[in-house]
Amino acid sequence: MKKIKYSIILLVIISSLVITACTNGDLETPNPESTITDAEVDPDFESTEPIEEQARLLIKAEPDLIEPVTVLYKAFFNGESPSFVQNDPDLLVAPPGEIVDLHHELPAVFLNDGAMYPQNDNEEIEAFIQFAVSVDGQQALINAGLLPESIDLTDQAGNIVSINLPVRRVLSAYGPVTAMIYSVDAENRFVSASYLGARDPLGSSVMEKVDSRFPDIQGNESFSQSEFNIEEAAMLEPDLIIGNARSGWLETVAALDVPVFLYDAETSEALKEAVLLTGQIFGPHSTYQADAWVRYYESIVGSIEEKMAEIPVEDRVEVLFTGTEPLRVASGDMFQSYIIETAGGISASSELEGYWNNINLEQVVIWDPDVIIVPPYGGASVEAITESDEWQILDAVKDGKVYRMPKLVAPWDTPAPDAVLGIIWMAQQLYPEQIDLDCSTEAEFFYNTFFDYEITDEEIAKICSIN
Amino acid sequence: MKRLQKSAASIKEEYSIRKVPLYLILIGLPLGLFVLSLTLGRYQIGPIDVLKVMLSPIFPSIAEGIPDIAIQLILRVRLPRILAALLIGASYGATGTAFQAIFKNPLVDSNILGVTSGAGFGAALALLFFGDQWLVQVSAFVFGLLAVFLSFFGSRLYRSSPLLILTLMGILVGSFFGSLTSLLKYAADPLDSLPAITFWLLGSLNGITWQNLLPLIILTILGLIYLWVLRWRLNILSLGDAEASALGVDPTRMKLGIILFSTLMTAVAVSASGVIGWVGLVIPHAGRLIVGPEHKRLLPVSISLGAAFLMIIDDLARTLLPGEIPLGVLTGLIGVPILVLLMRRSRTGW
């Protein structure tokens, strides 16, 4: 039976080849292979016979990318076939290439080596591109065997997690990763998400503008590091659950029989890995976004390190990162310490271990930090330190070097993509003379590129006010 | 076992004979520890320098040459904190003794009417919604008093056997506020307010400043004087209401006064330090082992031992590690074995 089927298919292909050969390189051929041959044989052929209005979009594609584009085109335009041209295309399809200039719009990447570049301003092109990078586009490519059906990734708890692709319904119970999923442009896959820093007026107003489904998909009450409402999770039918590796509910969630992907990103390297893993989970477009973020992060860190090389170690600024109360400080294991060190400072409390540590003022006096930072959450305030009589004995307080780390949505001191702005801000505070990065420029670029959000001047003023 | 009992009895005898040295010890022990504590801390300051700094208000020239930061640390950080440990320890020792007398029960302390649970809820509420140190203290104080008020007037709803009903109401109100606190902890953000609430509930003298020490000093000294004056009547109350009435004491009014003052003292202590368990329970027992159950002597001993115990505990809490150890952890770890030991040793004379 099968043999007969194959021979029929073969026959159809051969006959279509013959037909195309006879029509002398008709560009509307349904078979991509023939186009390649024609293109190779006669590079100028399309100028001899311009195509007419039957074609919706004229596409110029690299030979390898013709098949996937055809798959996408057929899926989007209900089985219609694309028209490939060499000159004046509406849409150019080519490998995304190296990310060189970050301050440029990123292309729409639908395969690891295929990206779309619109050549005309046209709604239909835009819609097609949107489709190509969407979950349905990913599905079409998977159906055609051009993208894998599943992926095995090692999460940050060391487990190998097998994930069926595409991931359509993701449940994030960990705020920093929720921010990462926004950064890799996969937020439309959320069925519910726990947010970080979206409770205060600034955070919630921005989130409402960034995502029309916010706050409906906010699941902070049901899903967090300590809580996991398993019945509600079952109702949401997720096909992937995301959590922190140190969550308290890891045993119970096994009952759902849904893959669980765990994160533990308390270092600079782990944060980069976390963003890259997040990209891989959601497909080529997200992978490219993740790469772009890592590239941006590394370029920022690199430029700061370059400047820091000129500053001798003994002139480095010593920084104390306090918590929601002045006498609670970040340990050396925490991301806050990495931010300080990456920004060229020395973390005063790096000898401490674990999570936030309660300490007494004598210990602060022994450390004698040059700068004190308070976090942008939990009622922490600069005034709690500067207006306290007891703290006046510290030079940092006398010199007025107590600053509050800013935030837009996710606090900049957490292992979220926004942490890159935390590093820039910190470096600017510690070495205003040496660092030539500008918080407002970078914040504008960052939220535009990774959150697709045009930050307002008012918000810029709030987060980048010079202390 | 017999030998142990004998030795306990002989110690008792010895001290009752040599009364004067005992009182010297009772005053000397907290005072000595107070001075010693001032020299202890993460920041190294020599004992001589500490003494000079302490004397500097009288002889201003004496502290010359000592770094300003050391002076500031002693006067602004160590002094209020150690004073707080002394006062709170004394307060728990005294109120524990008084409550054990009026409830005729060696297993109660001033928390039996729910003051700590109420204060804990008040503090958690303020930590969750405001996070301001001063508001936390006020809220803890108010809710501590509210809890005792509820226990006291709740027990009036029921006519007979008031003491038992009062104990029961105290336990009920205590667990009610305990549940409310758990509710707040459940609602609290695990990244910020939850650790603050947990740490508060374990007790710490870390945040003590002169400003929040003031109400503690006033109420504790007032309360201690009140209990001191009435200390012989505690003997009568511990006999029972009928006996007390027969001896010309109005037991109800008396108890009301003692409960009121003890509650004020406990509420102000809890609001300043968070929940520090076991001191009020263990210290009176230790006192009984030394001077016997007679309240005229037991109360001063409990005050002295309570102050000394909490100063030692706090010294450990602030010096052992770079991080602070919660007081509730240390009092439990050290207080419970002591209590068990005492209960084994001394079988008579509560």
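Each value in this text was obtained by applying a stated rule to the coordinates, not by laboratory testing. Small disclaimer: the values here were computed from a predicted structure and weren't measured. Using ideal geometry, Cβ is built from the backbone for each residue, glycine included, and neighbour counts are taken over all protein chains shown.
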* Sequence of A:Glu310, A:Glu232, A:Glu266 once ranked by neighbouring C-beta atoms within 10 Å, starting from the fewest -> A:Glu310, A:Glu232, A:Glu266
* **Relative packing of peptides B:112-122, A:396-406 - highest average C-beta neighbours within 10 Å first** => B:112-122, A:396-406
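How much length would be gained if the chain were fully extended between A:Glu231 and A:Asp438, taking 0.36 nm per residue of separation minus their Cα-Cα distance, in nm to one decimal? Could you put the intermediate results ahead of the total?
Working: separation 207, 0.36 × 207 = 74.52 nm, distance 4.68 nm.
Additional length available on full extension: 69.8 nm.
For a 22 Å ceiling on Cα separation, which of these pairs sit above it: A:Lys272/A:Lys462; A:Lys209/A:Lys407; A:Lys401/B:Lys185; A:Lys407/B:Lys185; A:Lys401/A:Lys462? Can you show the working numbers first?
On the way: A:Lys272/A:Lys462 27 Å; A:Lys209/A:Lys407 16 Å; A:Lys401/B:Lys185 34 Å; A:Lys407/B:Lys185 25 Å; A:Lys401/A:Lys462 19 Å.
In this structure, A:Lys272/A:Lys462; A:Lys401/B:Lys185; A:Lys407/B:Lys185 lie more than 22 Å apart at Cα.
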* Inter-site label distance for A:Ala461 and A:Asp136 at 7 Å from Cα along Cβ, in nm -> 4.3
* Structure fact -> The long-range amide H neighbours of A:Ala61, using H built 1.01 Å from N in the peptide plane and a cut-off of under 5 Å, are A:Val85, A:Val93
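I'd like to compare B:226-235, A:272-281: which one has the highest average count of other Cβ atoms within 10 Å, and what's the full order after that? Working shown, then result.
On the way: B:226-235: 17.5, A:272-281: 22.5.
Ranked from most to least packed, the peptides come out as A:272-281, B:226-235.
Just order B:314-324, A:418-428, A:181-191 by mean Cβ neighbour count inside 10 Å, highest at the front, would you? All intermediate terms of the calculation are to be shown ahead of the outcome.
On the way: B:314-324: 19.6, A:418-428: 26.1, A:181-191: 22.8.
Packing proxy ranking, top to bottom: A:418-428, A:181-191, B:314-324.
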* Asked: Counting only complete DSSP H runs, which helices of chain B cover 27 Å or more along their long axis at the Cα atoms and score a mean Kyte-Doolittle of 0.5 or above?
  -> B:19-39, B:79-102, B:133-155, B:162-187, B:210-229, B:251-273, B:295-319
* **Rg/Rh (Cα only; Kirkwood hydrodynamic radius) as it applies to the stretch A:312-463** => 0.96
* Asked: What FRET efficiency comes out for the pair A:Arg295/B:Thr198, r = Cβ-Cβ distance, R0 = 35 Å, nearest 0.05?
  -> 0.30
* Helix-only mean residue ellipticity at 222 nm for chain B, each DSSP H run of n ≥ 4 adding -39500 (n - 2.57), per residue, nearest 500 -> -25000 deg cm²/dmol
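Taking each residue in A:358-371, count the Cβ atoms of any other chain within 10 Å of its Cβ, then average. What number comes out? Working shown, then result.
Details: counts 12, 7, 16, 13, 13, 8, 3, 8, 5, 2, 1, 0, 0, 0.
Mean shielding count: 6.
Short version: what are the Cα gyration tensor semi-axes of the protein assembly as shown, square root of 5 times each eigenvalue, largest first, in whole Å? Don't jump to the answer; show the numbers that get you there.
Numbers: eigenvalues 1037, 187, 78 Å².
Those come to 72, 31, 20 Å.
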* Asked: At B:Tyr158 and B:Leu256, where each label point lies 7 Å from the Cα along Cα→Cβ, what is the point-to-point distance in nanometres?
  -> 2.1
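Provide B:Phe143, A:Phe445, B:Phe129 in ascending order of the number of other Cβ atoms located within 10 Å of each residue's Cβ, fewest first.
On the way: B:Phe143 28, A:Phe445 16, B:Phe129 13.
Fewest-to-most ranking of B:Phe143, A:Phe445, B:Phe129: B:Phe129, A:Phe445, B:Phe143.
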* Asked: So what is the relative contact order of chain B, in percent, for Cα pairs below 8 Å that sit 6 or more residues apart?
  -> 29
* Structure fact -> Hits for chain A under the membrane-span-like helix rule (DSSP H, Cα axial span at least 18 Å, Kyte-Doolittle mean at least -1.0) are A:2-22, A:268-282, A:284-308
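Averaged over A:384-393, how many beta carbons belonging to a partner chain fall within 10 Å of each residue's beta carbon?
Working: counts 3, 0, 0, 0, 5, 5, 11, 2, 2, 9.
The shielding value for this peptide is 4.
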* Structure fact -> The answer for trypsin sites (Lys or Arg not before Pro) in the stretch A:293-344 that fall in a DSSP coil and have at most 14 neighbouring Cβ atoms within 10 Å is none
* To do: Please list the non-local residues whose amide H lies under 5 Å from the amide H of A:Ala157, H modeled 1.01 Å from N, same-chain partners needing a gap of 5 or more.
  => A:Leu262
* Label-reachable residues, the stretch A:148-190, where backbone N falls under 17 Å from a point 7 Å from A:Ser212's Cα toward its Cβ -> A:186-190
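How long are the three semi-axes of the equivalent ellipsoid for chain A, computed from the Cα gyration tensor as the root of 5 times each eigenvalue, in whole Å, largest first?
Values: eigenvalues 516, 128, 63 Å².
Semi-axes from the Cα gyration tensor: 51, 25, 18 Å.
I'd like to know how the stretch B:2-345 sits against the 2.2 N^0.38 Å rule of thumb: what's its Cα Rg over that expected value?
Values: Rg = 20.7 Å, N = 344, 2.2 N^0.38 = 20.2 Å.
Here the Cα radius of gyration is 1.02 times the empirical estimate.
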